[in-house]
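Inspection log for the structure reproduced underneath, given as structure tokens.
The values are calculated or read from the model by the stated rules, or taken from the named source; none is laboratory data. Predicted, not measured: the structure shown is a model, and the values here were computed from it. Here the Cβ positions follow ideal geometry from the backbone for every residue, glycine too, while neighbour counts run over all protein chains shown.
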Amino acid sequence: MWFDRLLQGFIDTFLMVGVSSLIALLAGIPLAVILVTSSKGGIYEAPALNRALGAFVNLFRSIPFLILMVALIPFTRLIVGTTYGVWAAVVPLTIAATPFFARIAEVSLREVDHGLIEAAQAMGCRRWHIVWHVLLPEALPGIVGGFTITLVTMINSSAMAGAIGAGGLGDIAYRYGYQRFDSQIMLTVIVLLVVLVAFIQLGGDRLARGLNKR
Amino acid sequence: MTAAIQRRLETPEPCPIPEPVEQTELHPDLNRAHVRFIGLGKTYNGQQGPVAALQGIDLAIRRGEVFGIIGRSGAGKSSLIRTINRLEQPSTGRVLIDQVDIGGFDEDRLVTLRRRIGMIFQHFNLMSAKTVWQNVELPLKVAGVPKEKRERKVRELLELVGLQEKHKAYPAQLSGGQKQRVGVARALVHDPAILLCDEATSALDPETTQSILGLLREINQRLGLTIVLITHEMAVIREICDRVVVLEHGRIVEQGPVWEVFGNPQHEVSKTLLAPLQHALPEELQSRLRSQPPSSDAAVVLRLQFTGSATDEPDLAALFAALGGRVRLLQGGIERIQGHALGQLLLAVTGSSLGAEELRQRAGNWAQQVEVLGYVV
């Protein structure tokens, strides 16, 4: 029975983190590209858009996740029809993860040597060629590293989501470990989380290292 | 890559036919100019107000020549060369390429133009995530060239620069010279008419510099393309350039065939830049030099400058006979640039019946500039 409960918790955590991070990945990269290319001196320079987008990203980045989650409850209900369970947690998790990841990816994209962009322009690249053939491939190792950090942070946040009824390992640890003083469950959950994070970090590091040809 | 993008790449882009500008205002000689700057200026908005990087540049670069732009750092060389492929937008004036004003080009026409102009860089600017092959292939790929043609072209160019063995390597695995060879291959992949070299050898050691310059000369002769290069090293100019301009504070202060500028630099900046190549007076000699003859048997020290404007190389026997007495060669060197002999000789003359002023005048029959430096015992 304990095993089943833990397994279910693990699957829930996995789902919450996986789905929200995947959406963050798909939305965060374009967001980061827009942030970098629209900035001053960028290939699609648009200062007004850049400032507006930057402010929007910062707004969500500055709200603590616990508060963001509660504040988003009406929005969550609108999207998934419920405020309880894994899918309800995916909404605030995604909204927290996307700006977080976008900022990290932005740093990697910004670090691409300006000389490479100049070389690409000199060889007759259009601007979207530069994004596709230069910015993204050159920043990829950094983006992979950033995504690893995002995943780990999302595991952290998903535990918080568990506390207000999202399920997952955090929920189990909170209910059994904290409210019922069952330190055995608490310990098991901690071990599980440590192992999960270690695996993600290891895999992410390896992938980033493999992609880095510098 | 998605299918949609792939399809877009394969459709050939329409090649706009640019309108030639009015010819009447140009001197017939300039009509043959490959690249021409007319009253070009560039102003940046610095923190303490506008900064003029380039002012009133008028210049014509001929087809097929190797043209050097030299100046100290901050003289405006980088800005000037970048106006040719519009990486830099001039503030005033015009740039004509094949008599076409490129000032008003939109993105489409700029892309077409840039494919006719290759460029190599001081820090190579190779894509670190791409192999040598992929780096050279990239300009073709973005131009939508079919795969078979790409393969043929990349292979041909890697062979030209001697890197066919390294095609799977990443830039990080190459030496500086090899990286620049990849840069050259990448720049030539569209068969450009002009090659821009932005301090292309400044990050390389002397030996590698020679091999890259050799490669550039070979390309210039074999493919007949116009090469415009900027550098702060006079040695590079001497090695491969036909003509040179000296830039200082965004203005042209001197220009001409390389042998002329080297043989007889007029401007302070040119002289400063040339200094490392010239033999200064040895310190030991300098300390013994007196402005007045200390004794009647003191030697007169003459400096003879050969600017390369004479048709004949200096006849030493005749020169020494004319000076009379005992002529010793203290230091000197003559080099040939573009078929002209130029350099200087430092002579010490003793036991001549002639006075210093007479010696100077006689030597003037052989050398273009003669100077009495002083007397030594």
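What the table shows:
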item	result
Within region B:106-152, considering residues that are of a type in the set (Val, Ile, Thr) and at the interface with chain A (Cβ under 7 Å from one of its Cβ atoms), the one surrounded by the fewest Cβ atoms within 10 Å (Cβ to Cβ)	B:Val111
Residue within region B:167-188 that is surrounded by fewer than 23 Cβ atoms within 10 Å (Cβ to Cβ) and within 23 Å of A:Arg127 (Cα to Cα) present	yes
Residue in region A:51-58 that is more than 15 Å from the chain's Cα centre (by Cα) and either surrounded by 14 or more Cβ atoms within 10 Å (Cβ to Cβ) or at positive phi (or both) present	yes
Output for region B:265-289, where each listed residue is in contact with a strand residue (DSSP E or B) (Cβ under 8 Å, 6 or more places away or on another chain) and of a type outside the set (A, V, I, L, M, F, W, C)	B:Pro265, B:Gln266, B:His267, B:Ser270, B:Gln278, B:His279, B:Pro282, B:Arg288
Filter result for A:Ala166 (farther than 30 Å from B:Met127 by Cα and either of a type in the set (D, E, K, R) or at pLDDT 85 or above (or both))	no
Residue list for region A:104-132, filter: in a loop (DSSP other than H, G, I, E, B) and of a type in the set (Lys, Arg)	A:Arg126
Selection count where residues are closer than 25 Å to B:Ile81 by Cβ and in contact with a Phe, Trp or Tyr (Cβ under 6 Å, 6 or more places away or on another chain), scope region B:145-179	1
Some residue of region A:174-189 being surrounded by fewer than 16 Cβ atoms within 10 Å (Cβ to Cβ), part of a helix (DSSP H, G or I) and among the aliphatic types (A, V, I, L, M)	yes
So A:Leu202, is it out of contact with any Gly (no Cβ under 7 Å at 6 or more places or on another chain), in a helix (DSSP H, G or I) and modelled with pLDDT of 95 or more	yes
Single condition B:Arg336 does not satisfy, out of (1) within 39 Å of the chain's Cα centre (by Cα); (2) without any contact (Cβ under 8 Å) to a residue 60 or more places away in the chain; (3) farther than 18 Å from B:Val261 by Cα	(3)
Pick from region B:70-103, criterion within 14 Å of chain A (Cβ to nearest Cβ) and β-branched (Val, Ile, Thr), ranking: farthest from B:Ala187 (Cα to Cα)	B:Ile102
Residue list for region B:170-216, filter: part of a loop (DSSP other than H, G, I, E, B), more than 14 Å from chain A (Cβ to nearest Cβ) and within 13 Å of the chain's Cα centre (by Cα)	B:Thr201
Candidates A:Gly41, A:Gly54, A:Gly28, filtered to the one that is among the small types (Gly, Ala, Ser) and in a loop (DSSP other than H, G, I, E, B)	A:Gly41
Qualifying strands (runs of 3 or more DSSP E) (wholly inside region B:230-347; at least 2 residues being assigned by TED's automatic domain parsing to the domain that holds B:Thr43)	B:243-248, B:251-257
Residue tally, condition farther than 16 Å from B:Leu140 by Cα and either small (Gly, Ala, Ser) or out of contact with any strand residue (DSSP E or B) (no Cβ under 8 Å at 6 or more places or on another chain) (or both), over region B:174-192	7
Unmet requirement for A:Glu106, which otherwise passes all of (1) within 14 Å of chain B (Cβ to nearest Cβ); (2) crowded, with 23+ Cβ neighbours inside 10 Å; (3) among the acidic types (Asp, Glu)	(1)
Residues located in region A:117-151, provided they are over 28 Å from the mean Cα position of the chain (by Cα), facing another protein chain (nearest Cβ under 7 Å) and not polar (S, T, N, Q)	A:Glu118, A:Ala119, A:Ala122, A:Met123, A:Gly124, A:Cys125, A:Arg126
Condition met for B:Arg155 (surrounded by fewer than 23 Cβ atoms within 10 Å (Cβ to Cβ), touching an Asp or Glu at 6+ places or on another chain (Cβ under 6 Å), outside the structural domain of B:Val51 (by TED's automatic domain parsing) and at negative phi)	no
Test: B:Arg222 is loosely packed, with under 14 Cβ neighbours inside 10 Å and farther than 29 Å from B:Gly74 by Cβ	yes
Count of residues meeting criterion [buried (at least 19 other Cβ atoms within 10 Å of the Cβ) and either modelled with pLDDT of 90 or more or closer than 9 Å to B:Val246 by Cβ (or both)] in region B:259-273	7
Sole exception among (1) within 29 Å of the chain's Cα centre (by Cα); (2) crowded, with 18+ Cβ neighbours inside 10 Å for B:Val300, by number	(1)
